[in-house]
Amino acid sequence: MEQTPPGRLRVLCRDLAPAGLRKGEAMALERGLTGITYETGDALAPVPPEGRAPDVIVVSGLYELLLDDTEVRESIERLRELLAEDGVLVFTTQTRHPQLELIAGVLTNRDGEPWVMKCRDMGQAEDWAALAGFKEVSSRRERVGLFTVTLCRA
């Protein structure tokens, strides 16, 4: 594993749900991880960081909640613009789920609406990353086969 020089790594966790941020902070502290900043924020309207551009951006568990493909594509484009020149974007894509109808029928999202999710083809997500200007794009399916993790190098 590559080591980061002291003072070089800055970790910022953003979410619309303060409860999620508190849970993430508690989990990090249990593991002895410190120096992480937690703030409420909209992932679709990222604020450019103060100082240098981020080297790594991770988007997990968001894109399947967005039903409009244009929103996902534009998010990937904005994140490419925020990243450092040699930065990396890592994002997840839900490619299938055997219980989509059940989830939408019995669960609600944070707005009280049916919890509808959209599965997308891994190739489509990779194409959006390439169109956003990433030079290297590769994906791997996780063991269960519901999600892929896509790594995009600027």
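The values are calculated or read from the model by the stated rules, or taken from the named source; none is laboratory data. This one's a predicted model, so the numbers in the text were calculated from it and none came from an experiment. Counting neighbours? That spans all protein chains shown, and the Cβs are built from the backbone with ideal geometry, glycine included. Protein only, heavy atoms only, side chains kept; ligands, DNA and RNA dropped before computing areas. Shrake-Rupley method; radii C 1.70, N 1.55, O 1.52, S 1.80 Å.
For the reader, a short list of remarks on this structure follows.
- Beta carbons closer than 6 Å, at least 6 apart along the sequence or on distinct chains, pair a first residue in region 137-154 that is at pLDDT 95 or above and buried (at least 19 other Cβ atoms within 10 Å of the Cβ) with a second that is assigned to a loop (DSSP other than H, G, I, E, B) and not small (Gly, Ala, Ser) for 148/95; 152/134.
- Considering 71, 77, the condition of being open to solvent by 30 Å² or more (accessible area, probe 1.4 Å), assigned to a helix (DSSP H, G or I), under 24 Å from residue 11 (Cβ atoms) and at pLDDT 95 or above is satisfied by 77 alone.
- Test for residue 43: is it under 30 Å from residue 26 (Cβ atoms), out of contact with any Lys or Arg (no Cβ under 9 Å at 6 or more places or on another chain) and open to solvent by less than 70 Å² (accessible area, probe 1.4 Å): no
- Members of region 80-92 found to be within 17 Å of residue 42 (Cβ to Cβ) and open to solvent by 20 Å² or more (accessible area, probe 1.4 Å), listed by number: 81, 82
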